[in-house]
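**Student:** Handing you a structure now.
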Amino acid sequence: MKIKDYSFQSCFGPYIEKFIQEKRDAGFVYESEEWKLKHFDAYCVEASITDPVLTRDVVYAWGALRDDEALVTCSGRVSILRQFALYLTTLGIDAYIPAGFFKAEKTVIHVLSDDEIIALFEKIDGYVPATTGKVFHRLAAEYKVIFRMIYCCGLRISEARRLRWDDVDLKDGSICVMQSKGRKDRIVYLADDLVELMKSYESVLRSKYSCDSEWVFPARDAANCLSTVTIDKMFRTCWRSTQYYGNCDRSPTVHSLRHTFVVKRMNMWMEEDVPLNEMLPYLSQYLGHTSPDNTFYYYHQVDSAFRIIRKKDATGLKVIPEVSYE
């Protein structure tokens with residue numbers, strides 16, 4: 001069943017629509033959550049559920065772990081259903097409220113080396129669509145910019161793809177990231193060369209492709225912004241065509257560009273003897289993190305970090321001398 005254009009049809013449909021609207025009125029984007037609730041609604045239709053009572057059996061049937069499904073994915077589905085159940089109880093409707101969720105383990109993300117970054121962007125810049133359709137060539141022009149925005153500004157993929165032209169100030173050289181993670185807004189300043197790239201890109205988008213979308217990175221249908229799936233797919237396509245594909249222990253993702261930005265920025269400060277403890281709060285705010293601790297998490301277990309720390313840690317070498325083996 002196609003979920004993209006799906007309309008709520010089950011007995012829970014009217015309640016789900018009001019629930020989503022209430023969340024959005026409160027300031028939540030609620031896109032992926034809506035997608036999950038559409039799947040739940042379709043399940044209820046197929047299961048012939050006609051009474052809008054969220055029973056334990058319904059929750060357990062929907063929340064059962066599926067074949068080849070990660071525990072955290074299953075937990076995410078049930079978590080959304082829990083929020084919906086709580087909403088139903090506020091309306092005086094009986095609902096079973098699920099509890100107990102799997103937590104995702106934090107994994108170490110691959111930090112791209114300088115050579116890997118160069119190779120990746122060579123493939124992104126050299127990408128030519130297999131079709132001659134004008135819209136696909138417009139998308140190719142977008143990929144060259146959006147991946148640079150994510151890498152050079154340390155943006156989350158959602159922040160980059162949802163960027164509107166109204167949020168861009170190329171005279172001031174800044175963008176306003178609205179409703180990012182944690183419903184926080186922030187201003188992100190761009191490097192001069194990135195500002196020039198954005199100006200050129202805007203001109204090409206409007207003059208060459210006649211695209212006057214409100215979105216900085218419009219999808220095939222210019223009324224919508226690029227989807228996460230589309231961006232992920234293009235990243236994987238370009239990465240797999242580099243000579244480094246298959247030669248690293250962890251396959252990089254789009255989020256690796258943000259991670260790499262943080263590590264490289266911190267490495268540069270350390271190499272230039274810039275006090276890291278003084279700069280970390282600024283970097284944390286630039287990234288939209290709640291605290292410097294969240295920013296420093298990006299830096300742990302990174303080989304290049306330990307190399308620079310050892311190089312700069314003169315005190316440690318005196319206290320703990322290098323062990324020599326005969």
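The values are calculated or read from the model by the stated rules, or taken from the named source; none is laboratory data. All of these numbers come straight from a predicted model, not from anything done at the bench. Glycine gets a Cβ as well: all are built from the backbone with ideal geometry, and neighbour counts include every protein chain shown. To get the accessible areas, we keep the full protein, side chains included, count just its heavy atoms, and leave off ligands, DNA and RNA. Shrake-Rupley method; radii C 1.70, N 1.55, O 1.52, S 1.80 Å.
**Student:** Suppose we filter THR131, THR89 for residues that are modelled with pLDDT under 90 and among the polar types (S, T, N, Q); which single one remains?
**Tutor:** Residue meeting the stated conditions: THR131.
**Student:** Okay, moving on. Name the single residue, out of those in the range 182-204 being exposed (fewer than 13 other Cβ atoms within 10 Å of the Cβ) and under 17 Å from THR290 (Cβ atoms), that is modelled with the lowest pLDDT.
**Tutor:** GLY182
**Student:** Does LYS38 satisfy the criteria of being crowded, with 18+ Cβ neighbours inside 10 Å and either of a type in the set (D, E, K, R) or at pLDDT 90 or above (or both)?
**Tutor:** Yes; evaluated as a whole, the condition is true for this residue.
**Student:** Moving on to the next point. Would you list the helices (runs of 4 or more DSSP H) that sit entirely within the range 51-156 and hold 3 or more residues that are touching a Pro at 6+ places or on another chain (Cβ under 9 Å) and not small (Gly, Ala, Ser)?
**Tutor:** 56-63, 71-90, 134-153
**Student:** While we're looking at this one, here's another question. With (1) modelled with pLDDT under 95; (2) more than 22 Å from VAL177 (Cα to Cα) as the list, and CYS238 as the residue in question, which single condition is left unmet?
**Tutor:** (1)
**Student:** All but one of (1) modelled with pLDDT under 85; (2) closer than 22 Å to LEU112 by Cβ; (3) not small (Gly, Ala, Ser) hold for PRO275; state the number of the condition that does not hold.
**Tutor:** Condition not satisfied by PRO275: (2).
**Student:** LEU139 is checked against (1) touching a residue at least 40 places away in the same chain (Cβ under 8 Å); (2) over 25 Å from SER210 (Cβ atoms) and fails just one. What number does that condition carry?
**Tutor:** Against the list (1) touching a residue at least 40 places away in the same chain (Cβ under 8 Å); (2) over 25 Å from SER210 (Cβ atoms), LEU139 comes up short only on (2).
**Student:** Kindly provide the set of residues from the range 28-44 that are under 16 Å from TYR15 (Cα atoms) and assigned to a helix (DSSP H, G or I), ordered by number.
**Tutor:** Of everything in the range 28-44, those that are under 16 Å from TYR15 (Cα atoms) and assigned to a helix (DSSP H, G or I) turn out to be GLU33, GLU34, TRP35, LYS36, LEU37, LYS38, HIS39, PHE40, ASP41, ALA42, TYR43, CYS44.
**Student:** How many residues are free of Cβ contacts under 8 Å to residues at least 12 places away in the same chain, over 27 Å from ILE117 (Cα atoms) and exposed (fewer than 14 other Cβ atoms within 10 Å of the Cβ) when one looks only at the range 209-235?
**Tutor:** Of the residues in that region, 5 qualify.
**Student:** From the list ALA141, ALA95, exactly one residue is of a type in the set (A, V, I, L, M), under 30 Å from MET198 (Cβ atoms) and open to solvent by less than 40 Å² (accessible area, probe 1.4 Å). Which is it?
**Tutor:** ALA141
**Student:** Give the residues of the range 34-64 that are in contact (Cβ under 8 Å) with a residue 40 or more places away in the chain and within 23 Å of GLY92 (Cα to Cα), sorted by residue number.
**Tutor:** Across the range 34-64, the qualifying residues are LEU37, PHE40, ASP51, PRO52, VAL53, LEU54, THR55, ARG56.
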